[in-house]
């Protein structure tokens, strides 16, 4: 970073991506450690489970074979949202309230990619079309009118572990804007995806994801479709695999264990430190892999903090919701955001537990990072 202008540019990019995590209350590292020791637990605090009514799956099945790499999601009526009260398993009050109240939704059946789009799949798209992602495009004066010309460089945001324990109230401590970073160079300009063809694609903005989906004859899922699929026909369970984080003592997803966000803090108890290849854990009941952890996934819906409230107040079952008509984030009203789902390899019981199936994330539509990808769906 060369000067103050570029610091501002980097700050804005980091802020936009990191907002996915939300904000925890401000406590000292000493207080944090004390609370973690006393209050961390594998089952989060919840409101009444009775708020969830049974999922009713459609019985109709397609007569044709599923497209390669996709599975059939029957659709139906279900209770959408979360009754989790805390942002983390350490009882830190957070912003999961945007996933409440629980409300009834119906979605038609559809096909969904069984995994997140991989590096190999996206490479085929780029070779066929010559597409250039946002991270590979030089920022313009129109986007950053006060930036000096030499500071307008290509790049993206990378998780950068800290050297020691830090307060978790300032995410700028563990995110860095790095020039020359993109989907082909996920950890900086000297890195490569060689040998990582079956890893989920990252450093992808909403428009990058939508362009691929259109080329593939698919589309991005609505938030309701994504949650119905991730729940796998189950009713009101906390995780895609049940209500216990580690059934029989075994992790079911690639998330962060250990002291976040220090260097070598991730113990890799789940089998991986950092991003994992796809299909490393058992699929859910519909045959979907990695709907929790590994990388966040774009959906097509605008993000609105009170969208669920508006649906619930109607008192009706909402059929095939397409999301709100406009974005609305009072904490960041000028940024255009869509919904992220699923959490990532950086989600931790200390800070962000949004690998819980009903919880939500959000992101500015032209921002990317090394924990954000997508998967597609296809209507019949």
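A short reminder: the numbers here are calculations on the coordinates, not readings from a lab. Since this is a predicted model, take the numbers as computed values, not measurements. In this analysis, Cβ positions are derived from the backbone assuming ideal geometry, glycine residues included, and neighbour counts consider all displayed protein chains.
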Q. With each label point set 7 Å from Cα along the Cα-Cβ vector, what nm distance links residue 124 and residue 162?
A. 4.3
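Please arrange 72, 174, 296 by how many other C-beta atoms lie within 10 Å of their C-beta, fewest to most.
If I rank by nearby Cβ atoms, fewest first, I get 72, 174, 296.
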Q: May I ask you to sort 281, 286 by Cβ crowding, counting other Cβ atoms within 10 Å and putting the fewest first?
A: 286, 281
Q: Provide the packing ranking of 216-225, 367-376, i.e. peptides ordered by the mean count of other C-beta atoms within 10 Å per residue, highest first.
A: 367-376, 216-225
Q: Please arrange 295, 305, 339, 278 by counting, for each residue, the other beta carbons lying within 10 Å of its beta carbon, fewest first.
A: 305, 278, 339, 295
Q | Simple spin-label estimate for residue 250 and residue 56 in nanometres, 7 Å along Cα-Cβ | A | 3.6
Q. In nanometres, what is the gap between the two model label sites at residue 257 and residue 150, each 7 Å from Cα along Cα-to-Cβ?
A. 4.8
